[in-house]
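The next block holds one structure in the form of structure tokens; read it before the comments.
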Amino acid sequence: NIQKATMGKSKVEYEDPVVIEEGARKILSELSDDQVEQAAKSSYAYFTGNNPDREECALAMAKRHFVADKGDHDLALTRMKNAINFFDKIGVNEMRRCFSESDNGGSLDKMRKMIEADVAAGRLSVCGRDISGRAIHVVVCRNKITDDLDALLRGHIYMIERTIAITERRTNGKVEKSIVAYDFSDVKPSHALSLKSFRAIGAALQDFYPERLHCTYMIDVPNFFRYLWNLFSPFLDPVTKKKVVFVNGEVEKEKLFGSIMDEKDVMPYIRPGGKMLAEVDMPTFLYKVPFDYGFGEDPNSSC
């Protein structure tokens, strides 16, 4: 990982909209035409043609990197190029198509099998939203995942991309950050990720998806996991770590989520009385629900 430089703009400067705009445009000016195109495709709306404004979509990615790297132009440019290379190498565009298209044993079919190996048991999905339209990336920690690190990483990136796409569609691109909600009920030590897997996923999120996380909720966490958290959390950057919130019991859930999530839009493990189904039907979610829709959403509804 590239360490963040200590030199950069002051907080006032790099949070100023004018400075961000200028900094992002300077970054784009130093990218090749192909790199700008790939940056624009970080927007699912651009990828599908629903938002044809290439500059706007590429600029949004540049802004995220500029802000995340505190106005350090050289660092933001390098990290953005690295992210573009990562998206190509990991096959993000193939992920977006692999459950709706087939290519007779080609790259799409191989990608689909890798993702299914990680998510088919229902550990990862997207279901629900907060009142601002942020999609909720659901992680049911007691459910099985693959031991294959490559498949595990692709499964997690696939679900992150869906969460981002769903938030983008719901908010017309006005909101870029989403929510992760871990369900730790009935979890045993054997369900925990290995340190190697945790570091691989954490590094990908921090390096290639800056300014995409609104908050991570750790729900009904057992004591043994808090011990693991103390071991694993030093590998997260301080900004990400500050976005992690532990929530245990119905009283805490209602106090925290009651004002930011409607009962009809969340699963019951998040908010007591949540009206969405307690479990996600993964074959339906993967194969029948459009990429930029969450489980339980009706693509034919205007809501």
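The values are calculated or read from the model by the stated rules, or taken from the named source; none is laboratory data. Only a predicted model underlies this, so the values are computations on that prediction, with no experimental measurement involved. No Cβ is skipped: glycine too gets one built from the backbone with ideal geometry, and neighbour counts run over all protein chains shown. All accessible areas refer to the heavy atoms of the entire protein, side chains included, with ligands and DNA or RNA removed. Shrake-Rupley method; radii C 1.70, N 1.55, O 1.52, S 1.80 Å.
Here is how the numbers come out for the structure above:
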quantity: Single condition SER100 does not satisfy, out of (1) touching a residue at least 40 places away in the same chain (Cβ under 8 Å); (2) closer than 17 Å to ASP207 by Cα; calculated: (2)
quantity: Failed item in (1) crowded, with 18+ Cβ neighbours inside 10 Å; (2) over 30 Å from ALA39 (Cβ atoms); (3) modelled with pLDDT of 90 or more; (4) in contact with a helix residue (DSSP H, G or I) (Cβ under 9 Å, 6 or more places away or on another chain), with PHE257 passing the rest; calculated: (4)
quantity: Filter result for ILE219 (farther than 18 Å from GLY249 by Cβ and either among the polar types (S, T, N, Q) or modelled with pLDDT of 90 or more (or both)); calculated: no
quantity: Residue check, SER233 closer than 28 Å to MET61 by Cβ, touching a helix residue (DSSP H, G or I) at 6+ places or on another chain (Cβ under 7 Å) and at pLDDT below 85; calculated: yes
quantity: Odd one out for VAL139, checked against (1) surrounded by fewer than 22 Cβ atoms within 10 Å (Cβ to Cβ); (2) free of Cβ contacts under 8 Å to residues at least 24 places away in the same chain; calculated: (2)
quantity: Candidate set from segment 96-116 (those that are touching a Leu at 6+ places or on another chain (Cβ under 7 Å) and in a loop (DSSP other than H, G, I, E, B)); member that is surrounded by the most Cβ atoms within 10 Å (Cβ to Cβ); calculated: CYS98
quantity: The lone exception for ALA204 - which of (1) open to solvent by 20 Å² or more (accessible area, probe 1.4 Å); (2) within 23 Å of LYS241 (Cβ to Cβ); (3) modelled with pLDDT under 95 it fails; calculated: (1)
quantity: Matching entry among PRO238, PRO234 (being without any contact (Cβ under 8 Å) to a residue 12 or more places away in the chain and under 30 Å from GLN38 (Cα atoms)); calculated: PRO238
quantity: Some residue of segment 187-206 being charged (D, E, K, R) and in contact with a strand residue (DSSP E or B) (Cβ under 6 Å, 6 or more places away or on another chain); calculated: no
quantity: Residue that is nearest to GLU297 (Cα to Cα) [pool: residues in segment 167-192 that are among the polar types (S, T, N, Q) and open to solvent by 30 Å² or more (accessible area, probe 1.4 Å)]; calculated: ASN172
quantity: Some residue of segment 257-271 being under 20 Å from the mean Cα position of the chain (by Cα), among the charged types (D, E, K, R) and within 26 Å of ASP150 (Cα to Cα); calculated: no
quantity: From the options PRO222, PRO272, residue that is in contact with a helix residue (DSSP H, G or I) (Cβ under 6 Å, 6 or more places away or on another chain) and open to solvent by less than 40 Å² (accessible area, probe 1.4 Å); calculated: PRO272
quantity: Test: residue in segment 51-61 that is out of contact with any strand residue (DSSP E or B) (no Cβ under 8 Å at 6 or more places or on another chain), without any contact (Cβ under 8 Å) to a residue 12 or more places away in the chain, assigned to a loop (DSSP other than H, G, I, E, B) and open to solvent by 60 Å² or more (accessible area, probe 1.4 Å); calculated: yes
